[in-house]
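Please treat every number below as a calculation from the coordinates, not as lab data. What you are looking at is a predicted structure, and each value in this text was computed from that prediction instead of being measured. With ideal geometry, Cβ positions are generated from the backbone for all residues, glycine too; neighbour counts draw on all protein chains shown.
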Amino acid sequence: MASERQQSDPPEAEQIQDVIFNGDGVQLAGQINYPTAPTQPGEFPVMFIIQHATCTSRRGYDHLARIAAAHGMAIFLWDKRGTGASGSAGNGSVLVDTLKAYETALSQPGIDRQRAIIVAQNEGSLLLGEAFDDFSAIQPPLGVLLIGNMLDEDAIIAIDRPAHIVMSKNDWNAWQTYARDAAAAHGRIGGYPTQYYVAPNTNRRLMYNSGGSFHNGAAHSISEWLDTLCPPSV
């Protein structure tokens, strides 16, 4: 129980900077968390989040902010249109919003845009797969983390960068297709050592069924992947 309470606290960061930016005809709100690691300006790798469909605010990703901080990484968290502190508008493209958010994240002070990690969760993985060339035109990511991946063997080959898949055993999509087989297909086509992790006793967002905190094994799997892909610079 103590560990679950700890995971509900805001992540520790040296500096949390609010960011307001324009989406597709709507004003969007977010923040960038800088880690406590004493690196020089320009040295911070950054995580960028593409949310799942039912995300209500950036606070749903505090668990990833803690992982980023532990690795000396910054993280850009933002509220989709109509959620959190962002505005809402009847017209406008979610894809354009997300591309503008990615561009905003990479333009923040102290960020090494060459070391951007895109994290796409559930339906966010579909958006990334469909528009990966658009994200890469802004900046090819160093790697891609797919949480609750929804890209099958054919769709995932659009992700032409190193990738890691983390999925719930209880997801309504079969992990055998969207984790095991997708990882194998991505590795064959891209030549990357694509790995996957399947978490038991969790919902599709990798939260424990019993407590609501992020699965420890999933967090460890992500941390090991980050250590390999983007070793700490200090």
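Rounded to the nearest 5, the antiparallel percentage of DSSP beta bridges internal to the range 2-229 is 40%.
Near the amide H of SER93, within less than 5 Å, lie the amide hydrogens of ASP24, all on another chain or at least 5 residues away, with H placed in the peptide plane.
Within the set of other residues whose C-beta is less than 13 Å from the C-beta of ALA105, count the net charge using Lys and Arg as +1 and Asp and Glu as -1. Before the final figure, lay out the partial values.
On the way: positive: ARG58, LYS100, ARG113, ARG115; negative: ASP97, GLU103, ASP112.
Around ALA105, the charge tally is +1.
The HN-Hα couplings worked out from phi for the range 136-143 by the Karplus form 6.51 cos²θ - 1.76 cosθ + 1.60 (θ = phi - 60°) are 5, 5, 6, 5, x, x, 5, x Hz, whole numbers, x standing for Gly and Pro. For the pair SER210 and ASP133, the difference between a 0.36 nm per residue extended length and the Cα-Cα distance amounts to 23.8 nm.
How much of the DSSP beta bridge set in the range 109-234 is antiparallel, as a percent to the nearest 5?
On the way: 2 of 16 bridges.
Antiparallel: roughly 10 percent of the beta bridges in the range 109-234.
Considering only ALA105, ALA131, ALA218, the mean-square fluctuation computed in a Gaussian network model of the chain, springs between alpha carbons under 10 angstrom, is largest for ALA131. What residues from the range 116-137 fall in the zone where the backbone N is under 20 Å from a label point 7 Å along the Cα-to-C-beta line of GLU103? Residues 116-119, 127-137 fall inside that zone.
Around the Cα centre of the chain, unit charges on the Cβ atoms of Lys, Arg, Asp and Glu (plus for the first two, minus for the last two) sum to a dipole of about 340 debye. At 15 angstrom or more along the helix axis (alpha-carbon based) and mean Kyte-Doolittle of 0.5 or higher, what helices does the chain contain? Whole DSSP H runs only. Helix filter hits for the chain: 94-106.
Quick check: residue separation of SER93 and GLN17 times 0.36 nm, minus the Cα distance between them. What number comes out in nm? Each step should come with its number before you reach the end.
Numbers: separation 76, 0.36 × 76 = 27.36 nm, distance 2.57 nm.
Working it through step by step, the gained length comes to 24.8 nm.
In terms of its C-alpha gyration tensor, the chain comes out rounded, because the ratio a/c of the largest to the smallest axis stays below 1.5.
For SER86, the residues whose modelled amide H falls within less than 5 Å of its own, excluding neighbours fewer than 5 places apart on the same chain, are ALA29.
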